[in-house]
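Okay, so here's the structure we're looking at.
The values are calculated or read from the model by the stated rules, or taken from the named source; none is laboratory data. Quick caveat: nothing in here was measured; it's all calculated off a predicted structure. Here the Cβ is made from the backbone with ideal geometry for all residues, glycine too, and neighbour counts use every protein chain on show.
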């Protein structure tokens, strides 16, 4: 079948007549009529019949129109899919695994340089537990894993830690809770209600040691794997919580809390973990170069 003839039939049926279809197709009614007659001859069926000065579809014509609708809709879908596939091929895929313990605002700040490398980038982010992400990295399903701790040398994975920066920690609570605290920071935390990170968090051991060192015994109201959930409880005045000082302004505005104290005796470190010792992926290079040029809050502490 000649699909040009079918297309002319389809446009004519949808336009409601030869003249209107000819205007849309920029062809004469005689040419259009001749093309449709060729299609009818090929199919051995009459597709239109005259009713006065108008054309109407025969039963066979209505059947043919239904198939033509599907054929040309599928053609348009194919064209769109191929165009999008071409656009996607032009973009550089950057597959990042983010440890679920890293604050999302920190992730954006660290990843942002990768989106400004001068060529289109398609960022593919997944979140999960650090060990699970490292397994995906080892299988080359990820280009980078971002975490708040380095990969342990005890793991049998050939990968490399690239320090990105660190930030001291701040303590926050609602103004009402702050007014009830006694004494100066950090002693004001003693016997105060506190919301803390779970034992799996990289800063939890530091917090436990820091509290012991200063002789502080808060009332632990809750422990959280999810930092955003911990802050949501803090917003409701359920307790004091700790987070990265680099997010002070954002935390205060978003959760309606005050900073009651900061300490650089505890820091949260950030690492990019890759299978490359010498970084080749342009997005990873942009992230690490940006970190070297302007670390978050001074040099990263050396890990054990």
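Residues in the stretch 265-286 that are in contact with a helix residue (DSSP H, G or I) (Cβ under 7 Å, 6 or more places away or on another chain), under 17 Å from residue 137 (Cβ atoms) and in a helix (DSSP H, G or I): 283 only.
Could you tell me which of the residues 226, 190 is touching a residue at least 60 places away in the same chain (Cβ under 8 Å), out of contact with any strand residue (DSSP E or B) (no Cβ under 9 Å at 6 or more places or on another chain), farther than 30 Å from residue 289 by Cβ and outside the structural domain of residue 126 (by TED's automatic domain parsing)? Of 226, 190, the one residue that is touching a residue at least 60 places away in the same chain (Cβ under 8 Å), out of contact with any strand residue (DSSP E or B) (no Cβ under 9 Å at 6 or more places or on another chain), farther than 30 Å from residue 289 by Cβ and outside the structural domain of residue 126 (by TED's automatic domain parsing) is 226.
Here residue 292 meets each of (1) part of a strand (DSSP E or B); (2) at pLDDT below 90 with one exception, condition (1).
Within the stretch 232-249, the residues that satisfy the criterion of being assigned to a helix (DSSP H, G or I), surrounded by 14 or more Cβ atoms within 10 Å (Cβ to Cβ) and at pLDDT below 95 are 245, 246, 247, 248.
Within the stretch 177-187, not a single residue is within 23 Å of residue 105 (Cα to Cα) and loosely packed, with under 15 Cβ neighbours inside 10 Å. Restricting attention to the stretch 258-278, the residues being under 27 Å from the mean Cα position of the chain (by Cα), surrounded by fewer than 19 Cβ atoms within 10 Å (Cβ to Cβ) and touching a residue at least 40 places away in the same chain (Cβ under 8 Å) number 3. Has the stretch 57-68 got at least one residue that is touching a strand residue (DSSP E or B) at 6+ places or on another chain (Cβ under 6 Å) and without any contact (Cβ under 8 Å) to a residue 40 or more places away in the chain? Yes, the stretch 57-68 contains a residue that is touching a strand residue (DSSP E or B) at 6+ places or on another chain (Cβ under 6 Å) and without any contact (Cβ under 8 Å) to a residue 40 or more places away in the chain.
Answer yes or no as to whether residue 124 is surrounded by 10 or more Cβ atoms within 10 Å (Cβ to Cβ), free of Cβ contacts under 8 Å to residues at least 60 places away in the same chain and closer than 29 Å to residue 250 by Cβ.
So residue 124 fits the description; yes.
Meeting the requirement of 1 or more residues that are closer than 30 Å to residue 232 by Cβ and touching a helix residue (DSSP H, G or I) at 6+ places or on another chain (Cβ under 9 Å), the strands (runs of 3 or more DSSP E) wholly within the stretch 1-107 are 92-99.
Yes or no: the stretch 104-112 includes at least one residue that is touching a strand residue (DSSP E or B) at 6+ places or on another chain (Cβ under 7 Å), over 21 Å from residue 280 (Cβ atoms), surrounded by fewer than 21 Cβ atoms within 10 Å (Cβ to Cβ) and not assigned by TED's automatic domain parsing to the domain that holds residue 226.
Checked the stretch 104-112: at least one residue is touching a strand residue (DSSP E or B) at 6+ places or on another chain (Cβ under 7 Å), over 21 Å from residue 280 (Cβ atoms), surrounded by fewer than 21 Cβ atoms within 10 Å (Cβ to Cβ) and not assigned by TED's automatic domain parsing to the domain that holds residue 226.
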